Amino acid sequence: MPDEVEFSRLFKLRHLPAAGGHGFAIEATPGECRAVARRLELVALAALSFAGRLDKGPRDGVLIVRGTVLAEATQRCVVTLEPVPARLEVPVERYFVADDGKVVAEIVVSPDDEEPEPLAGELLDLGEIAVEELSLALDPYAQAADAPTVLRSHHEAADHAARSAFSALA
């Protein structure tokens, strides 16, 4: 991870109330969007925001972040290299366990849930969580609307070239 995070919004865990949790809403500036776009190899990132709630979990030291990441991203088509715009709405539910040196006897996690992430120190970076969730939600094989047609014509041309080469040998 680079020393400088592109979109950082630190939340001091000591500000989390004993009961009731804490709501948050963060939004990336245009400069932060450009930096995140470079990091994620996007053509552009027009908007990035994350709104939700930070609550204490059922056990001591467990924190739960729930919310939604909204983004307007433009990726490159893997076939034509044309820009492919996408509006993403990503639900987030992440669990953290404070690493305060105490040994937690047991945290029960259902097989469908992920294991809580260790949290060192008193700060939680909500901006970095938003970027991580965005990176996981992006289509790894983004395609423009005309990509299937381009692929089909490419395959037909390759088939024709292969037939021509073998017919010349006959």
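The values are calculated or read from the model by the stated rules, or taken from the named source; none is laboratory data. Keep in mind that what you see is a predicted model, and the values were worked out from it rather than measured. No Cβ is skipped: glycine too gets one built from the backbone with ideal geometry, and neighbour counts run over all protein chains shown. Note: areas computed on protein heavy atoms with side chains; ligands, DNA, RNA excluded. Shrake-Rupley method; radii C 1.70, N 1.55, O 1.52, S 1.80 Å.
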query = Efficiency by 1/(1 + (r/R0)^6): what FRET value for R38 and T80, r their Cβ-Cβ distance, R0 = 25 Å, to the nearest 0.05?
reply = 0.70
request  = Give me the accessible area of H22, 1.4 Å probe, in Å² rounded to the nearest 10.
outcome  = 70
request  = Mind checking the full-extension length gain between D146 and L10? Use 0.36 nm per residue of separation minus the Cα-Cα distance, one decimal, nm.
outcome  = 44.7 nm
Taking region 35-85 and dividing mean pair separation by its residue count, relative contact order in percent (alpha carbons under 8 Å, at least six apart) = 35
query = Residue-wise, which Karplus ³J(HN,Hα) couplings in Hz belong to region 83-93, taking 6.51 cos²θ - 1.76 cosθ + 1.60, θ = phi - 60°, and x for glycine or proline?
reply = x, 10, x, 8, 10, 10, 10, 10, x, 10, 8
Packing rank of 42-54, 77-89, where each peptide gets the mean count of other beta carbons within 10 Å, highest leading = 42-54, 77-89
remark   = Quick shape check on region 3-96: root eigenvalues a ≥ b ≥ c of the Cα gyration tensor, a/c under 1.5 is rounded, otherwise prolate if a/b tops b/c, else oblate, and it reads prolate
